[in-house]
Amino acid sequence: MTDLEAVSGVGPAAAKKLREAFVTTAELLAVQNPIELQTKTKLGEGTVDKIIKSARELVGTFGFKSGLEVEQSMADQPRLSTGISKLDKELLGGIEAGSIVEFFGPSRGGKTQWVAQLAIMAQLPADKGGLDGRVLWLDSESSFKPWIIRANALRFGVDPDVALGNIGRAQIILSSQLMDLFDTIPRLCAENDYKLVIVDSLTGLFRAEYTGLDMLKVRQQDMNGILNTMRRTASATESIFAYTNHVMAKISLYGGNPNAPVGGHIISHASDYRFYTRRSKKDKRKLDLQDNAGVPEFSMEFTIGWGGFYESSSEKKEVEPEIKAYFKKHGYAKPELIEEDETEEEVVTAGDSE
């Protein structure tokens with residue numbers, strides 16, 4: 001990251017106002033909206049336009065490049081392993097740094113388990129498929145379970161105490177709280193090496209608080225504001241944003257998938273990787289990649305257990321006993337494998353059909 005003072009036109013007074021608005025690096029300044037920044041900082045319109053343009057020139061990542069230069073830049077881009085080799089192979093090496101990832105599906109589909117697995121992988125060094133960073137977990141469903149993190153850490157060779165210490169979890173009870181936190185998240189990613197930001201779930205509170213057609217426009221605008229912050233922060237810091245999303249029942253005369261993701265077009269266009277995850281058998285979960293600009297759609301099935309997702313039942317049988325022995329030795333409780341709570345699926349209504 002580059003200091004604000006390195007940007008032409010940013011003196012001590014302007015830097016102070018920018019930091020008070022949680023814009024703390026040249027990279028973050030380069031992705032600011034001029035109107036929003038002027039409102040937050042009370043700096044003059046000409047000053048704001050000048051320093052944003054100067055920041056973009058200094059950072060040097062937002063101008064035109066040849067296709068060959070873009071290809072090389074993408075080849076050099078770090079990738080986050082999912083912890084499953086055959087899935088990484090389909091994803092051409094893993095999830096690109098600076099991406100937005102969505103996991104949607106019905107209850108017990110494995111959404112929380114997927115982000116919990118990524119929460120460990122992100123902490124690993126680059127030579128083991130990680131980003132060598134920390135994790136933020138915005139928890140609107142009380143889904144963060146320390147013993148799941150411990151189990152996943154053991155599986156991937158991370159000290160469980162270190163893994164938990166590297167995750168910052170915030171309990172979210174209102175959508176307004178979620179929006180407030182997103183004012184500070186860009187600064188946290190830029191200054192504190194947070195390489196993965198998890199929102200579990202993104203849409204749940206908005207559905208509960210913004211009801212009826214008269215609130216639909218406001219709901220979509222507020223969710224879009226969060227998604228826009230994700231995109232700009234990911235571009236500036238190369239952090240990955242991963243969120244879970246609910247589904248609603250879709251009535252159709254022609255069969256097909258009865259589950260539709262919540263959020264309409266705004267959510268559907270936001271993510272770089274859109275995964276549909278759902279239960280197959282007792283300890284099996286199916287995962288479909290439904291949208292990515294550079295990877296063809298695919299469908300896979302994985303085994304779920306203590307330690308996360310496994311390529312096969314045989315791998316699970318080999319690893320799980322060590323994890324269970326750890327829990328027994330250290331006196332931890334042995335709850336059932338945590339999955340999302342059962343919730344009634346909703347029939348599509350006018351308010352959910354955006």
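Here is how the numbers come out for the structure above:
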item: Residue selected from the range 16-35 under the condition without any contact (Cβ under 8 Å) to a residue 12 or more places away in the chain and either part of a helix (DSSP H, G or I) or surrounded by 15 or more Cβ atoms within 10 Å (Cβ to Cβ) (or both), by the criterion nearest to the chain's Cα centre (by Cα); result: Ile35
item: Odd one out for Ile52 among (1) assigned to a helix (DSSP H, G or I); (2) of a type outside the set (S, T, N, Q); (3) surrounded by fewer than 18 Cβ atoms within 10 Å (Cβ to Cβ); result: (3)
item: The listed residue being under 30 Å from Lys317 (Cα atoms) and among the small types (Gly, Ala, Ser), out of Gly157, Gly225, Gly212, Gly204; result: Gly157
item: Residues located in the range 271-288, provided they are within 10 Å of Ile304 (Cα to Cα) and crowded, with 20+ Cβ neighbours inside 10 Å; result: Arg285
item: Residue within the range 81-89 that is within 23 Å of Ile198 (Cα to Cα), among the small types (Gly, Ala, Ser) and part of a helix (DSSP H, G or I) present; result: yes
item: Test for Phe144: is it at pLDDT 95 or above, of a type in the set (Phe, Trp, Tyr) and more than 26 Å from Tyr332 (Cβ to Cβ); result: no
item: Selection status of Phe182, under 19 Å from Thr229 (Cβ atoms), at pLDDT 95 or above and aromatic (Phe, Trp, Tyr); result: yes
item: For Glu322: the one exception among (1) in a loop (DSSP other than H, G, I, E, B); (2) out of contact with any strand residue (DSSP E or B) (no Cβ under 8 Å at 6 or more places or on another chain); result: (1)
item: Matching strands (runs of 3 or more DSSP E) fully within the range 227-318 where at least 1 residues are more than 13 Å from the chain's Cα centre (by Cα); result: 247-249, 259-261, 273-279, 284-291, 298-305, 308-310
item: Any hit, the range 60-68, residues being outside the structural domain of Asn259 (by TED's automatic domain parsing) and part of a helix (DSSP H, G or I); result: yes
item: Single residue of Val115, Val101, Val135 found to be at pLDDT 95 or above, assigned by TED's automatic domain parsing to the domain that holds Tyr273 and not in a strand (DSSP E or B); result: Val115
item: Which listed residue is buried (at least 19 other Cβ atoms within 10 Å of the Cβ), out of contact with any Asp or Glu (no Cβ under 7 Å at 6 or more places or on another chain) and closer than 19 Å to Arg169 by Cα, from Leu118, Leu91, Leu87; result: Leu118
item: Subset of the range 172-212 [buried (at least 18 other Cβ atoms within 10 Å of the Cβ) and of a type in the set (Asp, Glu)]; result: Asp200
item: Condition met for Glu69 (at pLDDT below 95 and not small (Gly, Ala, Ser)); result: yes
item: Hits in the range 93-116 (condition: over 28 Å from Ser176 (Cβ atoms) and in contact with a helix residue (DSSP H, G or I) (Cβ under 6 Å, 6 or more places away or on another chain)); result: Gly94
item: Residue satisfying all of: in the range 289-301; among the polar types (S, T, N, Q) and surrounded by 16 or more Cβ atoms within 10 Å (Cβ to Cβ); nearest to Ser99 (Cα to Cα) among these; result: Asn292
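The values are calculated or read from the model by the stated rules, or taken from the named source; none is laboratory data. Since the model is a prediction, treat every value here as computed from it, not as a measurement. Neighbour counts run over all protein chains shown; Cβ positions are idealised from the backbone, glycine included.
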